[in-house]
1. Could you tell me which residue of the stretch 15-35 is nearest to LEU55 (Cα to Cα), considering only residues that are within 9 Å of the chain's Cα centre (by Cα) and among the β-branched types (Val, Ile, Thr)?
2. For the stretch 1-43, give me each residue that is exposed (fewer than 11 other Cβ atoms within 10 Å of the Cβ) and among the hydroxyl-bearing types (Ser, Thr, Tyr).
3. Where in the chain are the helices (runs of 4 or more DSSP H), entirely inside, with at least 3 residues that are at pLDDT below 85 and touching a helix residue (DSSP H, G or I) at 6+ places or on another chain (Cβ under 9 Å)?
Amino acid sequence: MLARYDRRRRPEVTARVLGVDALNRASMVGAAPLQALRAQATGLLHDIKPLRQGLMLLGMAHGGRRSTAVPATPPEAPKP
């Protein structure tokens with residue numbers, strides 16, 4: 001049961017971890033042109049309301065949709 005849960009959740013969790021890692025690395029870049037590019041991209045993410053809202057939903061739900069297909073917590077193991 002937990003193996004199935006792991007298989008279903010792993011791609012989403014991996015994508016989130018890689019996305020957060022990329023954002024963290026981008027925030028540490030010291031080169032001025034890359035800082036300017038990061039500031040521009042961040043500004044666009046903030047200024048384009050549908051994009052901003054979609055990203056917020058992605059951060060709070062499964063793929064931007066509220067779904068019960070894959071619960072955020074693993075199912076409880078059956079009682080012996």
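The values are calculated or read from the model by the stated rules, or taken from the named source; none is laboratory data. These numbers come from a predicted model, not from an experiment. Methodologically, a virtual Cβ is constructed for each residue, glycine included, from the backbone with ideal geometry; neighbour enumeration extends over all protein chains shown.
1. Our first condition is that a residue be within 9 Å of the chain's Cα centre (by Cα); within the stretch 15-35, this holds for 15-20.
Now drop any that are not among the β-branched types (Val, Ile, Thr), which leaves 17, 20.
Values: VAL17: 15, VAL20: 12 Å.
It comes out as VAL20.
2. Once the filter is applied, which keeps residues that are exposed (fewer than 11 other Cβ atoms within 10 Å of the Cβ) and among the hydroxyl-bearing types (Ser, Thr, Tyr), the stretch 1-43 yields THR14, SER27.
3. Values: elements: 2-27, 32-47, 49-60.
Passing ranges, in order: 2-27, 49-60.
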